[in-house]
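Just below is one structure, and these are the notes that go with it.
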Amino acid sequence: MRGISTHILDLTRGRPAEGVAVRLHRHEKGGWRAVAARRTDQNGRISDLLPENETLQSGFYRLRFGTSAYFRGEGIESLHPFVDIAFQVRDIGEHYHVPLLITPHSYSTYRGS
């Protein structure tokens, strides 16, 4: 499997973050171009962010997670209006899984598998 995927865990509640808006952008010609917009499923996952008409290319990508709207829906105030994670695709033959761990006042990420 090649492409870009993500999942979000809400560490405050100890479970996946369902319904979080996620946008994928690719850096092109000096700016960011929106490639896809999706929402996490009941398991906090988006298994494939690239639409069928897009191919994985080498270069810079950014995921924007709508964390404040998610926490607002849970009745919780949060510090970050959104979380941006920029990363580089070097090998288009690989899969890029970019998880996000969130609380109302912090976040962490890593390269998953």
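The values are calculated or read from the model by the stated rules, or taken from the named source; none is laboratory data. Quantities reported herein were computed from a predicted structural model and do not represent experimental measurements. When we count neighbours, we look across all protein chains shown, and the Cβ atoms used for this are built from the backbone with ideal geometry, even at glycine.
A few comments on the model shown:
- Top-ranked residue in the stretch 7-24 [being of a type outside the set (A, V, I, L, M, F, W, C) and under 10 Å from the mean Cα position of the chain (by Cα); ranked as nearest to R111 (Cα to Cα)]: H7
- The stretch 22-66, subset of a type in the set (S, T, N, Q) and free of Cβ contacts under 8 Å to residues at least 40 places away in the same chain, residue surrounded by the most Cβ atoms within 10 Å (Cβ to Cβ): T40
- Residue under evaluation D84, criteria (1) more than 12 Å from S5 (Cα to Cα); (2) out of contact with any strand residue (DSSP E or B) (no Cβ under 9 Å at 6 or more places or on another chain), criterion not met: (2)
- Residue that is surrounded by the fewest Cβ atoms within 10 Å (Cβ to Cβ) [pool: residues in the stretch 69-90 that are of a type in the set (A, V, I, L, M) and within 18 Å of L9 (Cβ to Cβ)]: L79
- The condition of being touching a helix residue (DSSP H, G or I) at 6+ places or on another chain (Cβ under 7 Å), β-branched (V, I, T) and closer than 25 Å to G31 by Cβ holds for only one of V98, V83, that being V83.
- Residue check for G93: modelled with pLDDT under 95 and either farther than 14 Å from L11 by Cβ or assigned to a strand (DSSP E or B) (or both): yes
- Test result for R39, out of contact with any strand residue (DSSP E or B) (no Cβ under 9 Å at 6 or more places or on another chain), at negative phi and among the basic types (K, R): no
- Positions within the stretch 10-21 being buried (at least 17 other Cβ atoms within 10 Å of the Cβ) and either under 14 Å from F87 (Cα atoms) or among the aliphatic types (A, V, I, L, M) (or both), in sequence order: A17, V20
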